[in-house]
Amino acid sequence: MIDTVLKDDWELKQTIALGTVAVVCLMLCGLFGHRWAMHGSGSQRRLVEQLQKRGILKSERVIFTMLATDRALYTDRSPYTDAPQPIGHKATISAPHMHAYTLELLADKLTDGASILDVGSGSGFLTACFARMVGSTGRVVGVEHLWRLVQRSTENVRRDDPNLLSNGCLRFVLGDGVLGWAEGAPYDAIHVGAAACKVPPKLVEQLSHGGRLLVPIGCPGRAQWLTQVDKKPDGNEETHAVLNHADQNITFIGS
Ligand code: SAH
């Protein structure tokens, strides 16, 4: 009799234990399965390693910055895939390799205390990278013509590191980036995230002597080149195409 009671008790405990394990497994599968479906199987570290292997990421400071800035905080859609992703309002977050090229091309201007303008700041990913590279004494302005994206990018950075906003180093403003942002000029570097038919003259005007502008140039339906304009210390400009942009499904300035 006692034996039967003990056996029943043991079986009951075993059933409860197995049931608990099954429920926990289902919960974990639900949680991580959802995360996997949203983010894919990668990680920011793996993405950065791939960009290093392809020879796109080279300098330590840029590698460190891209490791510190998790793309999953700036887009929910396959953040660790090397492709642009829609962020709403017909805008996209650029592909990670484009972020990497941009940071490498501007790295020697992204120094402590520098002033940077990011035109068409979109998700805010690159703007946050700029802020990390210029440090708390630097100034970074992201100018975006869609109010919803100004709000969204501010929220993204707040989740990433609220200090970047509260220490006054980084801010997003609403405006037509073709006109730059005169209030913060001159800039040591200006980056344009949307393509233009020709180099916007106001942006060249707002570059400091020794400053650098990066902008994808090419009219719709034509070849596009990431174009670098250097304003020399004597004020003269030097312009050259640095990268064929033809495979980028890039937003046009004003759209
Ligand atoms: N570097 C951004 C790229 C966003 S796509 C990122 O990786 O997230 C280009 C952005 O330029 C879009 O957000 C679009 O709304 C913005 N844009 C287009 N024309 C603009 C203009 N005239 N002034 C300011 N922003 C503009």
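Can you tell me, using C-alpha contacts under 8 Å and at least 6 residues apart, the relative contact order of the stretch 122-255 as a whole percent?
Reported relative contact order: 18 percent.
How far apart, in nm, are two points set 7 Å out from the Cα along the Cα-to-Cβ line at Lys198 and at Arg159?
4.1
Provide, in order from the shortest bin, the percent of all Cα-Cα pairs of the stretch 83-235 in each 10 Å bin, continuing until the bin that contains the maximum pair distance.
Each 10 Å bin holds this share of Cα pairs: 12, 44, 37, 7, 0.
Longer than 18 Å from Cα to Cα, which of Lys109/Lys231; Lys109/Lys232; Lys58/Lys109; Lys53/Lys109 are they? Say none if no pair is.
Lys53/Lys109
Describe numerically, in nm with one decimal, the distance between label points set 7 Å from Cα along Cα→Cβ at Lys53 and at Arg222.
3.8
In nm, to one decimal, how far is the modelled label at Thr239 from the one at Asp112, with both set 7 Å along Cα→Cβ?
3.6
Of the listed peptides 159-168, 102-111, 122-131, what is their order by residue-averaged count of other C-beta atoms within 10 Å, with the highest listed first?
Result, highest mean first: 122-131, 102-111, 159-168.
Could you compute the net charge surrounding Pro86? Neighbours are other residues with a C-beta less than 11 Å from the C-beta of Pro86; K and R count +1, D and E count -1.
Here the count lands on +1.
Read-outs throughout are calculated quantities, based only on the coordinates presented, and are distinct from any laboratory measurement. Just so we're clear, the structure is a prediction, and the values are computed from it rather than from any experiment. All Cβ positions, even for glycine, are placed from backbone atoms using ideal geometry, and neighbour counts span all protein chains on display.
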